[in-house]
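Participant: First the structure, then my questions, so here it is.
The values are calculated or read from the model by the stated rules, or taken from the named source; none is laboratory data. In this text the structure is predicted, and so the values were computed from the model without any measurement. Here Cβ is always computed from backbone atoms with ideal geometry, including for glycine, and neighbour counts include all displayed protein chains. Note: areas computed on protein heavy atoms with side chains; ligands, DNA, RNA excluded. Shrake-Rupley method; radii C 1.70, N 1.55, O 1.52, S 1.80 Å.
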Amino acid sequence: MLNKVEELHNIVQLASSANGRVSGKSWKLAKSATVRSQSSTGHKTKWQVRMEKTTREQAIKKLQTELKAEKQAEKQRRREITLERKTAAEQRRRLEEDKAKMGARKAARLRRKAGRTKKING
């Protein structure tokens, strides 16, 4: 059996690899990069340039969020101050009313004690 394989091998020279072979596609030239006229700009720019742009955009976005947070904090601080002023004014007004009420009660008590009424002395 081995003899027959050896005989066939001797008769038909088989190429052990593609080293000795030539491609039939003589019309096909050397390979070159694909021209991407329809592709996005992301494919056309270099990686380093894209990464620089991304980091720049991230820095801008971070700055914007910080400014927005700062503005919001300032707004909140003003709101707190206004609310404190309102509550203090309300408390002062309430204390004045209570003081006037207590003064009126005390005056009425003294009038009653003295024996004067609305009908007599008004």
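Participant: Of all the helices (runs of 4 or more DSSP H) wholly in region 37-122, which have at least 2 residues that are polar (S, T, N, Q)?
Facilitator: 47-114
Participant: Output the qualifying pairs, or none if there are none: Cβ atoms under 7 angstrom, residues six or more apart or on different chains, first residue in region 48-75 and on the phi > 0 side of the Ramachandran plot, second residue among the charged types (D, E, K, R) and open to solvent by 80 Å² or more (accessible area, probe 1.4 Å).
Facilitator: none
Participant: Okay, next question. Please go through (1) surrounded by 10 or more Cβ atoms within 10 Å (Cβ to Cβ); (2) at positive phi; (3) of a type in the set (Gly, Ala, Ser) for Gly115 and return the number of the only condition it doesn't satisfy.
Facilitator: Every condition holds for Gly115 apart from (1).
Participant: Based on this model, can you work out whether Thr55 counts as within 30 Å of Ala33 (Cβ to Cβ) and modelled with pLDDT under 95?
Facilitator: No.
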